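Chemist: Shown below is the structure under consideration.
Nothing in this text is a laboratory measurement; each read-out follows from the coordinates by a stated rule. Given the structure is predicted, the values throughout are model-derived calculations rather than measurements. Reconstructed Cβ throughout: ideal geometry from the backbone, glycine too, with neighbour counts over all protein chains shown.
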Amino acid sequence: MLIHKAYRFQIHPNKEQRILIAKTIGCSRFVFNHFLAKWDSTYKETGKGLSYTTCSAELTQLKKQESTSWLNEVDSISLQSSLKNLADAYTRLFKKQNKAPRFKSKNHDVQSYTTKQTNGNIAIVGNKIKLPKLGMIKFSRSREVKGRIMNATIRHTSSDKYFVSILVETEVQEVPKTNSSVGVDVGLKEFAVLSDGTVYNNPKYFRSLEKKLAKAQRILSRRRELAIKRKCKLSEARNYQKQRVKVARI
């Protein structure tokens, strides 16, 4: 049977590719927020929302305007994906499946955009992955990608790392049901104990990293206070930014 499966890898873009990723994320966020505002105002005035087709046509005109011509610098499919995500969010809202969509913030911990497979614009070649506009990017290929690539989501985390999630359509064999004679007892002191006596110890990663995180956060707080005293913007305070990334990685 055919299923959708996702693969996630860390990518290592160069300086130019990082700049283009930041631009694409920013443009995708702008398109989402721009049409979210229009959708809300139209609904308040007429009692009806917009459609994906209407927004897509307006986006084409928006890219032709001189004030927003910078939208042409990035992957056009990523902008269309933002519109589709917005339309899907409203569809689920009207079906009472979720709350109303909210404006996207550039201060969110994870920034991302999605692009789709079209005419081989997404492909894996050795230890590199080909992505629209970005070209070939080195990535940590930890396993083989099997199936037809459908789309890719590029993410930039607060720990200043980049990842790509690849969605594929692949065929798998159904696993026959079996009656297992081995029991598993999951606990707190030991992570798991099998019925044959095998014990897996609990590594307690949370407890060990909790103290490390508290110490790192105290350092971050002090560096924030020093930056404020020097009347320096946090975005320009190098020591603060270095510590912020350390906290995020912990």
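Chemist: Which of the following values of semi-axes √(5λ) of the Cα gyration tensor in Å was calculated from the structure shown: (i) 28, 24, 16; (ii) 34, 21, 16; (iii) 36, 30, 22?
Modeler: (iii)
Chemist: Mind telling me which of THR53, THR68, THR198 comes out most flexible in a GNM of the chain, alpha-carbon contacts under 10 Å?
Modeler: With Cα springs under 10 Å in the chain, the top fluctuation among THR53, THR68, THR198 is at THR198.
Chemist: Moving to a separate point now. With n ≥ 4 as the cut-off for DSSP H runs, can you work out [θ] at 222 nm for the chain, using -39500 (n - 2.57) per run divided by the number of residues, rounded to the nearest 500?
Modeler: On the way: 5 runs with 101 residues, N = 250.
Taken over the chain, the calculation gives -14000 deg cm²/dmol.
Chemist: Further question on the same structure: How large is the dipole of the range 205-249 about the Cα centre if only Lys and Arg carry +1 and Asp and Glu carry -1, each at its Cβ, rounded to the nearest 20 debye?
Modeler: Numbers: 17 positive and 3 negative charges, 26 e Å.
That gives a dipole near 120 debye.
Chemist: Could you tell me which of GLN217, SER28, ILE149 has its Cα farthest along the dipole of the chain towards the positive end, charges placed at Cβ (Lys, Arg +1; Asp, Glu -1), taken about the Cα centre?
Modeler: About the Cα centre, the residue reaching furthest to the positive side is GLN217.
Chemist: Using a Gaussian network model of the chain whose springs link C-alpha atoms within less than 10 Å, name the residue from LYS204, LYS146, LYS38 with the highest mean-square fluctuation.
Modeler: Result: LYS204 has the largest fluctuation of those listed.
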